[in-house]
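Novice: Questions regarding the structure given below will be posed in turn.
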Amino acid sequence: MAKVTIPIGPQHPALKEPASFNITLDGEKIVHMTLKLGYNHRGIEKAAESRTYIQNIYLLERVCGICSHSHSSCYVQCVEDIAALEVPKRALYIRSLVGELERLHSHLLWLGVAGHEVGFDTLLMYTWRDREIVMDLLSMLTGNRVNYGINTIGGVRRDITKDQIKDILVAVDKLEEETKYYAQVATQEVTLAKRLSRVGKLSHEDAVKLGAVGPTARASNVDRDIRRDDPYAAYGEISFKVITDNHNDVYGRTLVRIGELLESYNMIRQIVKNIPDGPITVKAPRRIPVGEAVSRCEAPRGEDMHYIKSNGSDKPERVKVRAPTLANVQAVAKMLENGYLADVPIVIAAIDPCFSCTDRTTIAVKDGKKTRGLIEWKDLRKYSIEWYKKNEGIDLSKIKLQNEK
Amino acid sequence: MIRPGRMFLKVICSFFKKPATSMYPFIKIEKPAKFRGKLKFYQERCIGCKLCMKDCPSNAITIVNVGQPAAQNAAGAEPQKPAEKKFEAIVDLDKCLYCAQCVDSCMKKALEATREFELASLDHKKLKVKI
């Protein structure tokens, strides 16, 4: 039988973000898959170069709507590293606390999305109802539900009170009880367990070879976690287990995430119990000395990495962001190989993708041909003006840039 | 033990519970104390350093001097009245990120984040407001 290639995306009802998948099928079996990104490139890295270090905290926080705290933590750690600032311990504990709360809401969200992708919407309704508890906690601690804005260079912006600690503990107890129930549902509910088992297989060797990170890697028994391997914030002083699983499939990824939820509850209890007194911020200079730094954070989806190069001014010279999905997306093609077409949504959803965070590149186009060469900023602007004039009939040449004469 | 219908009991119990959602426009939940809503400006405290303008990630805030200029009577003579320093803050509500960095940057505590968040408007011009 002839092989058929089906394009899925860039707009597809199962995925809420634009990404294009070309899937070659033999019957309903997947032979090959290619992924095309680049529909949502937002130019954040370039924008960061024309903003000050303080403005960039809020810009880089908006790289992702779910791991917003991980991105801003990663960024401020880089800047603090270059400026050799010693962040107070209380601030580090608050960063870890918000980081763990973020993990809770991200994993609960994923559990709901996974339920939705396999047609088990009851699970979606219940997990998202419980997720509201975490969102309310975050709103109470930081002032917002999504872009928390808690980090600043040299510490955190808001302190926590004893009353808030009591509220956190009450909410954590309630959530732990609910999560234990979801753990039972995931392992005992036959429709869910059988639908997720043996779907999206990724062997240990492939996970290591393709550089998978986070729960995707840990579900293939790769014992890797930045919180333990390269401790940041207050993770060096908290005892916790890194959850791994050897199912190597979507079921394993579900178990890892539920296990991480249960582990996070214990970590939050430890953080609020051991939080030291003292200041929450140190004074940071506006001009950061010359230097460069790389910082890593364990976002709910996996390892997040930022690189910053400073030239001594109040604006960074280069900001580079590697979101966790970019590391995991390579593994999706392997997971889908020899799978079935019906499994595509859940396998893609199993890495908890975030394509807007991943779109970090532009492809230079010269004379209608894709080239790998570099293109100057001036030429790129000229090209875009000509392109719009020719294809859309819009003349943008009258718009002058701030630094353009 | 694997068995079907693991969530049935929970679903049936939910029939007898109050809804998890609230009827938003009619019932309003109070926002937390740290909520970052519309800004409030204390004119008497502002010294016009414009640090809030410098730190704003989206250039949403503008501080303008609305005081009287120095009164000149004759050429070369000393002004009778020195220039009055009185500042006004104009915020683009549609540009604002509600990060409240300006509140942190202000050394004189002339800015404050309130709990007001229902700021939507159909008219774009109405979103540029004097606070």
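Novice: Kindly indicate which of A:R51, A:R42 is at pLDDT below 95, surrounded by fewer than 24 Cβ atoms within 10 Å (Cβ to Cβ) and more than 14 Å from chain B (Cβ to nearest Cβ).
Specialist: Only one candidate passes the filter, namely A:R42.
Novice: Kindly list, by first and then second residue, each pair from a residue in segment A:22-42 that is more than 25 Å from A:C64 (Cβ to Cβ) to a residue that is assigned to a loop (DSSP other than H, G, I, E, B), limited to pairs with Cβ atoms under 6 Å and residues at least 6 apart or on different chains.
Specialist: A:T24/A:K3; A:D26/A:K3; A:I30/A:G339
Novice: Please give the strands (runs of 3 or more DSSP E) falling wholly within segment B:1-115 in which 3 or more residues are open to solvent by less than 70 Å² (accessible area, probe 1.4 Å) and away from every other protein chain (no Cβ under 14 Å). So that I can check it myself, show each step before the final result.
Specialist: Details: elements: B:39-41, B:61-65, B:87-92, B:111-113.
Fully inside segment B:1-115 and qualifying: B:61-65, B:87-92.
Novice: Still on this structure, please answer the following. Mind checking whether some residue in segment A:236-247 is within 14 Å of another protein chain (Cβ to nearest Cβ) and either open to solvent by 10 Å² or more (accessible area, probe 1.4 Å) or touching a residue at least 12 places away in the same chain (Cβ under 8 Å) (or both)?
Specialist: No, segment A:236-247 contains no residue that is within 14 Å of another protein chain (Cβ to nearest Cβ) and either open to solvent by 10 Å² or more (accessible area, probe 1.4 Å) or touching a residue at least 12 places away in the same chain (Cβ under 8 Å) (or both).
Novice: In addition: Check off (1) under 23 Å from the mean Cα position of the chain (by Cα); (2) open to solvent by 30 Å² or more (accessible area, probe 1.4 Å); (3) more than 14 Å from chain B (Cβ to nearest Cβ) for A:A207 and give me the number that stays unchecked.
Specialist: Tallying (1) under 23 Å from the mean Cα position of the chain (by Cα); (2) open to solvent by 30 Å² or more (accessible area, probe 1.4 Å); (3) more than 14 Å from chain B (Cβ to nearest Cβ), A:A207 fails exactly one: (2).
Novice: Of the residues that sit in segment A:298-322 and are open to solvent by less than 30 Å² (accessible area, probe 1.4 Å) and touching a His at 6+ places or on another chain (Cβ under 8 Å), which one is nearest to A:D249 (Cα to Cα)?
Specialist: Filtering first and then ranking leaves A:P300.
Novice: Consider A:Q184 against the criteria (1) more than 19 Å from A:L262 (Cβ to Cβ); (2) open to solvent by 60 Å² or more (accessible area, probe 1.4 Å): it satisfies all of them except one. Which criterion is unmet?
Specialist: (1)
Novice: Just to be sure I understand, how many residues within segment A:258-289 are part of a loop (DSSP other than H, G, I, E, B), in contact with a helix residue (DSSP H, G or I) (Cβ under 8 Å, 6 or more places away or on another chain), surrounded by fewer than 23 Cβ atoms within 10 Å (Cβ to Cβ) and not basic (K, R)?
Specialist: Qualifying residue count, segment A:258-289: 9.
Novice: Tally time: how many residues in segment A:122-144 are open to solvent by 40 Å² or more (accessible area, probe 1.4 Å) and more than 10 Å from every other protein chain (Cβ to nearest Cβ)?
Specialist: So the count comes out to 1.
The values are calculated or read from the model by the stated rules, or taken from the named source; none is laboratory data. Owing to the predicted nature of the structure, the values given are computational and were not obtained by experimental measurement. Every residue, glycine as well, gets a Cβ built from its backbone with ideal geometry; the counts of neighbours run over all protein chains shown. Ligands, DNA and RNA are excluded from the accessible area calculation, which covers all protein heavy atoms including side chains. Shrake-Rupley method; radii C 1.70, N 1.55, O 1.52, S 1.80 Å.
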